[in-house]
Each structure stands twice: as structure tokens, then as C-alpha cells.
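Coordinate-derived values only; no laboratory data. Since we're looking at a predicted model, the values are computed, not measured. Here the Cβ is made from the backbone with ideal geometry for all residues, glycine too, and neighbour counts use every protein chain on show.
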2 protein chains.
Amino acid sequence: MELLKNRILTDGKVIGNSVLKVDNFLNHQLDIKLFNEMGKEFRRLFEGEAITKILTVEASGIAIASIAAQYFDVPVVFAKKYLGNNMDSETYEAEVFSFTKNQSFRIRVSKKYISHDDRVLIIDDFLANGRAILGMSQIVRQAGARVVGAGIAIEKAFQNGRAVVEQEGIRVKSLAIIESMEGGKLVFKD
Amino acid sequence: MELLKNRILTDGKVIGNSVLKVDNFLNHQLDIKLFNEMGKEFRRLFEGEAITKILTVEASGIAIASIAAQYFDVPVVFAKKYLGNNMDSETYEAEVFSFTKNQSFRIRVSKKYISHDDRVLIIDDFLANGRAILGMSQIVRQAGARVVGAGIAIEKAFQNGRAVVEQEGIRVKSLAIIESMEGGKLVFKD
């Protein structure tokens, strides 16, 4: 998606050889107009697929998923990383290892909000090592529901996330795929 | 806003005399169509106000703020509760005491994303004791910017949040105001 790639080139900041900072428009300040274009593109990429729910994980996936949901006309469910007082005790859960934080965290979804006949599109801001997507797909499968695919804003193709996720039979569609960031230079796939 | 009040009556769950669980449509599973109607209503309630940015706090404020932002045509910034690796070191910060969790947490916004000429609408899912709104307004003031008002989905009028926030000169507009939940019975203000 040219619009997103151009925005990454303009406003993204490469730190070291593997960190891309996009808090200017994607995960701290949010460019909602851009998110609308991204939502339309996700709809195009998953055209013809029956989708009943979008699943994401707090916090940075929520806005992207919510704006996209308007083009699918479905509700969003976000997996929780932090337990509130009001969380249902009956939850589907998965352990997700974060390479950036070098620790595991547990994500949870109330059993009420994914049912066995759901066809779920997973949406997230980044695909790097794929662990968040795997965790969400485990949750969908615990519910006996089906993962239709994973829609990603930015994929780091130099990490192994796509292979890990595709190995689980999940179709991955990314709006911008970064092949390399060596020496601070962003190289996109095609 | 009748639509939201009716939804609370249908799908909200009162726990004890002060907790309202709305995770079916507002803060775990998200009814994006409803959020669109809420966004339009926020626009109506703050009609004529020049607004340049919407500020909210992770996680449950993000979707409501993002959908609403489409009617204001402005970016959203969400204050972070949890530090990521990529957070700017230059931040505006405030301490927020959570009565439900009985502990304080620190919210942060990068100095890049609020500037002195911003006119900020704060949006959040709940107004109870008002501490999250106060924290966000402190952040806006640290930036030398102006808080235009606070748009709230659900206000618990039996707690003192409105008084606390209005004392700071902030105009509060809530879409559903709950007067009492004694004995599990929801009573809305008119």
C-alpha cells in the first residue's frame, strides 16, 4: 500500500537495524484518515471472505482494527494484556513471548465474545516474530472458531513472523512489508 | 443519548452498587456501529468548538476516540499507561489514582504530540472519580495547550467525577448519565 509506505518513509524512524518507530501516526498519535485507507485495503485484500469478527490485542491494534471494522461491518474484540476488575473469569488465554520486551505476557478474551461459528480476521499493527498473532489464533481455536487470516499494517520480513504464522495455516496480508532496515535504510518488498 | 442508554439497559450488568459491566459492547467486544453514533453525538455536543486533537488513555478509550475522531477530522493521541521500548524520553506525565484498582499509575504522552496551540477534546469511556480526565488535562496544560472539554460515554453521577473535573474549568458532556445503581437497578438522569 503506497500511502502507508510513503508515510513510513516520511515519518518513520529507524533505530538500530530492527526497530521502526511509527508513533507519529500509527501507535501513539493516530492518523485516523490513514487508518480509513488501511481499513479499505484490508477489506480489498480479504474480499469474498465471510468474516464475522475482528480480533486484535491491546493497545496499538485497537484503533486500526476499529476503523477497519467499519468496512467489514463486524464487531471488534480486543484481547486483554492487563486484568481489569471486571474481566470475566471464563476466558480463552494464550501466552505470548515478546522479543522486544524479552518477557512473556498472557492475553485473554472472554469466552462470551468468540463463538464456534465465528470467522475471525486478526488485525495487528506489526508482524515481527509472529507471537502475538499466534497467541490470538490459539484463542480463536480454543473457541472452536476459524481464523480467516491476519491483516497486518507493517511486516518486518527480515524476522520470521510470516513463516511462523503461515505454518499454522493462516493467510497473512500486510500493507507494508519491510525487507531490510540495515544501516537505517528502509527497503520495502517490491 | 437514547441509543446508548437502551444498550446499557439491554447488555450492561450491574455488579454490587457501583460497578457497571459493559464489556459486551463498549470495552472488550466493541460495537463499532454504536461508536459511530456516539461519535456523531460528541460532534453535536461540541458543535462550534475548534478542536485540533482528541486525547484519550489506553486501552478502553482508544476505539471510542478513534471512531469519534472521524467526525472531528483530527488525529487521536492516546496516553500510555505501560512503557514500550520505543517511548520517547521527552514526555508529559501525570499520576492517576484508580479507585477500582486502589493504586496509582502514571500516564505519559510524548511532547511531540501535543503542542501549545492545540485545542484538545478529551474522550474516555467512563467518568467516575474523574482522576483519568484530570491526569489528561494536566498533560494538556503541561504542553501549554487548551482543554476544550471532556466527552464521556458513561458517567456515574453518584460518584464525584463531574465536580472534580468541572472545578478545573473543564466542560463535561456525557452520553449516558447514571444517577444510581442501588440494588442492581439502573436509574438514568432524565
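Could you pull out the GluC sites (Glu not before Pro) across the range B:1-83 that fall in loop regions by DSSP (anything but H, G, I, E, B) with no more than 16 other Cβ atoms inside 10 Å?
Loop-located and lightly packed - B:Glu47, B:Glu49.
For the modelled label position 7 Å from the Cα of B:Phe158 along Cα-to-Cβ, which residues of the range B:130-152 have backbone nitrogen atoms closer than 17 Å?
Residues passing the 17 Å test: B:130.
Just for the protein assembly as shown, what percent of DSSP beta bridges are antiparallel, to the closest 5?
Roughly 45 percent of the beta bridges in the protein assembly as shown run antiparallel, per DSSP.
Along Cα→Cβ at 7 Å, what distances in nm separate the A:Gly16 label point from those on the other copies, shortest first?
Spacings between copies for this position, smallest first, are 4.3 nm.
Of all DSSP beta bridges in the range B:55-114, what percent run antiparallel (nearest 5)?
Just about 75 percent of them are antiparallel.
Distances from B:Ala50 to the same position in the other copies: list them in nm, one decimal, shortest first, using label points 7 Å from Cα along Cα→Cβ.
In ascending order, 5.2 nm.
Below 8 Å, C-alpha to C-alpha, sequence gap of six or more: please give me the relative contact order for the range B:1-81 in percent.
Normalised by residue count, the contact order of the range B:1-81 is 26 percent.
Within 10 Å of each Cβ in A:75-84, how many Cβ atoms from other chains are there, averaged over the peptide?
5
Which of the GluC sites (Glu not before Pro) across the range B:81-123 are loop residues per DSSP, with 15 or fewer other Cβ within 10 Å?
Passing sites in the range B:81-123 are B:Glu90.
Sorted from shortest, what are the nm distances separating the label point of A:Phe105 from equivalent points in the other copies, each placed 7 Å from Cα along Cα to C-beta?
1.0
Please report how far the C-alpha centroid of the range B:98-176 lies from that of the range B:20-55, rounded to the nearest whole angstrom.
15
Grab the DSSP H runs of chain B that are 4 residues or longer, score each as -39,500 (n - 2.57), total them, divide by all residues and round the 222 nm result to the nearest 500 deg cm²/dmol.
It comes out at -9000 deg cm²/dmol, rounded to the nearest 500.
Indicate, rounded to the nearest 5 percent, the antiparallel portion of the DSSP beta bridges found entirely in chain A.
40
Using Cα positions and a limit of under 19 Å, work out the aspartates and glutamates in reach of A:Lys33, with same-chain residues fewer than 8 apart set aside.
Leaving aside aspartates and glutamates fewer than 8 places away in the same chain, those within reach of A:Lys33 are A:Glu2, A:Asp11, A:Asp23, A:Glu41, A:Asp73, A:Asp124, A:Asp125, B:Glu37, B:Asp73, B:Asp118.
What FRET efficiency would be calculated for the residue pair B:Tyr71, B:His116, taking the C-beta separation as r and a Förster radius of 35 Å, to the nearest 0.05? Mind dumping the intermediate values first?
Numbers: r = 25 Å, r/R0 = 0.71.
The formula returns an efficiency of 0.90 here.
Return one number: the angle in degrees, 0 to 90 and rounded to the nearest 10, between the long axis of the Cα atoms of helix A:2-11 and the longest principal axis of the Cα atoms of chain A.
With both axes taken from Cα atoms, the answer is about 70 degrees.
Angle between the Cα long axis of helix A:32-45 and the longest principal axis of chain A, 0 to 90 degrees, nearest 10?
70
Tell me the angle of helix B:60-72 to the major Cα principal axis of chain B, expressed in degrees between 0 and 90 and rounded to the nearest ten.
For B:60-72 against chain B, the angle is about 70 degrees.
Based on the alpha-carbon gyration tensor of the range A:110-184 and its eigenvalue square roots a ≥ b ≥ c, which shape applies: rounded if a/c is under 1.5, prolate if not and a/b is larger than b/c, or oblate?
Since a/c reaches 1.5 and a/b is larger than b/c, the shape of the range A:110-184 is classed as prolate.
Jot down the radius of gyration and Dmax of chain B, Cα atoms only, both in angstrom.
15.9, 47
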